[in-house]
Amino acid sequence: MNGVTRMSSFVAWAAVSAAILLMAVGLSACGEKAKQGAALSRPVVREVEVVVVRPVPRETTAEALGTVRARTTAAVAPQVMGRLTGVAVSEGSVVAEGALLATIDDTSVRAQLSSAEGAVAEVEAAREEVDRVLSQAEAGKVLAEKTFERFRKLLEGKVVTQQEFDEVEMRRTVAVKDLERAQQKRVQVSAKIAQARGQADAAKAMLAWTRVTAPFAGVIVEKRADAGSMAVPGVPLFVLEDPRRHRIEASVSETYLPLLKKGTPVQGILDADPGKPFAAVVTEIVPAIDPASRTFTVKADLPEGRARSGQSGKVRFAAGTGRILAVPKRAITRAGGSDGVFTIGSPDNVARLSMITLGAEFDDRVEVLSGIEDGARVALSPIDKLSDGARVEVRR
């Protein structure tokens, strides 16, 4: 009895499984027929112009990020120490060459100048006295020489005694020594005068340095101190730049060092106005490689009035000849905010929308960086009639 029951249950289970399998096969067949019907029901886009994408030779370019800087910049620092008694400019002030920027307390410097000028007056007065003594010594020597010659002749004629002649000769010797001492004194006084005048000139220079002036015409782009602050020699108070002339300084990969030299034409692009690139040439190269970034610095002058210090930009330059994939501009369509092209499959001739990444434009083509492969068939027209999955008839 139990064996008959088990046999009946198995037969029932097998019958149900077979029914389910038949239903699944039927549904699959219906699905395939539905897909074939849908494919056959799609309209065919006729006379579709197609191009096969192949690599083409192209002058490649490279870009390097850079920063705009003024060609002429000066950190204006004082040359004497003292308290700032006044600051005549602010950031943005336009100044002429030699314009007063700040003043430093000059009390002690004026005292030094007064002392130096007093020393000059003192030694010049001493020089007048030395000159008088020197004149007397010169006259005494001349008189002693004449007297000596006269007594020498008298001694030869035995008119005077030897003792009288010796006394005259001694006076001549004394006159010569007096003249030598006067001349030495004159040299010493002249040296003191030169020293005193040097000290006076130094004091005058220091007095002039208490007025901090602009070394050239330009704009104050940074002010680092106010009245009452302590001015220290060598510590900048202002940053001054010439607003008429700027350049872009870019950090370029060491790979391109052989390609760039002074005079190489480049293209400058400001991030604030990327749609208006401008032609430029390399004016300076710093060939030392930064070991951290493996880059070197390239400097190119900008047209007057095109930029301001601190702006970001790029330097674009030729990087040799290569082969790239490119498609005509008219093959590109916009979908979902991205760029794409319709590729035509072979041999089914079904259009598929392929999203692509574009590179540089040249002539009537655009470089394709990713999204399609070499040999892809890309539709050129009529783009507006194509859709993803549409069947097409390729123009012969």
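Just from its helices, what would the mean residue ellipticity at 222 nm be for the chain, if runs of 4 or more DSSP H residues each count -39500 (n - 2.57) and the sum is divided by every residue, rounded to the nearest 500 deg cm²/dmol?
Numbers: 3 runs with 138 residues, N = 396.
After summing the helix terms and dividing by residue count, I get -13000 deg cm²/dmol.
State the Kirkwood hydrodynamic radius of segment 145-295 in Å, one decimal place, computed from all pairs of distinct Cα atoms.
Averaging 1/r across every pair of different Cα atoms and inverting gives 25.1 Å.
If amide hydrogens are placed 1.01 Å from N in the peptide plane, which non-local residues have theirs closer than 5 Å to the one on Gly66?
Correct list: Gly313, Lys314, Val315.
Each residue of segment 223-238 in order: what ³J(HN,Hα) in whole Hz does its phi give by Karplus 6.51 cos²θ - 1.76 cosθ + 1.60, θ = phi - 60°, with x for Gly and Pro?
10, 10, 8, 10, 4, x, 6, 8, 8, 10, x, x, 9, x, 9, 9
Over the Cα atoms of segment 254-396, each weighted equally, I'd like the Debye log10 I(q)/I(0) at q = 0.09, 0.15, 0.17 Å⁻¹, rounded to two decimals.
So the normalised log intensities are -0.46, -0.87, -0.98.
Can you work out ³J(HN,Hα) from phi for every residue in segment 111-117, in order, using Karplus 6.51 cos²θ - 1.76 cosθ + 1.60 and θ = phi - 60°, giving whole Hz and x for Gly and Pro?
Calculated HN-Hα couplings, in order: 5, 5, 5, 4, 5, 5, 5 Hz.
Compare the Cα positions of Val187, Val266, Val123 along the charge dipole of the chain (+1 at Cβ of Lys, Arg; -1 at Cβ of Asp, Glu; about the Cα centre) and return the one farthest towards the positive end.
Toward the positive end, the furthest listed residue is Val266.
State the Cα centre-to-centre distance between segment 171-231 and segment 282-336 in whole Å.
Between the Cα centre of segment 171-231 and that of segment 282-336, the gap is 55 Å.
Could you derive backbone 3J(HN,Hα) for segment 361-371 from the dihedral phi with the Karplus parameters 6.51, -1.76 and 1.60 (θ = phi - 60°), listing whole Hz in sequence and x where the residue is Gly or Pro?
Each residue of segment 361-371 in turn: 8, 8, 6, 9, 10, 10, 5, 10, 8, 7, x Hz.
Any idea what the dipole of the chain comes to, in debye rounded to 20, about its Cα centre with Lys/Arg Cβ at +1 and Asp/Glu Cβ at -1?
About 1260 debye.
With 20 Å bins from zero, work out the P(r) of the chain over every alpha carbon pair and list the percent per bin.
Going out from 0 Å in 20 Å bins, the chain shows 16, 21, 19, 16, 12, 7, 4, 2, 1, 0 percent.
Report, in listed order, any pair from Lys223/Lys314; Lys141/Lys177; Lys146/Lys177 with a Cα-Cα distance greater than 18 Å. Mind dumping the intermediate values first?
On the way: Lys223/Lys314 29 Å; Lys141/Lys177 9 Å; Lys146/Lys177 16 Å.
Those over the limit are Lys223/Lys314.
What number does segment 99-142 give for Rg over Rh if you use C-alpha atoms and the Kirkwood radius?
Taking Rh as the inverse mean 1/r over Cα pairs, Rg/Rh reads 1.44.
Among Gly371, Val327, Pro303, pick out the residue whose Cα is farthest towards the positive end of the charge dipole of segment 251-396, where Lys and Arg carry +1 and Asp and Glu carry -1 on C-beta, about the Cα centre.
Val327
Accessible area of Asp363, 1.4 Å probe, to the nearest 10 Å²?
For Asp363, the solvent-accessible surface is approximately 140 Å².
The values are calculated or read from the model by the stated rules, or taken from the named source; none is laboratory data. In this text, all values refer to a predicted model and were calculated from it rather than measured experimentally. Neighbour counts are summed over all protein chains in view; Cβ atoms, including those assigned to glycine, are modelled from backbone coordinates with ideal geometry. SASA here: full protein model, heavy atoms, side chains in, ligands and nucleic acids out. Shrake-Rupley method; radii C 1.70, N 1.55, O 1.52, S 1.80 Å.
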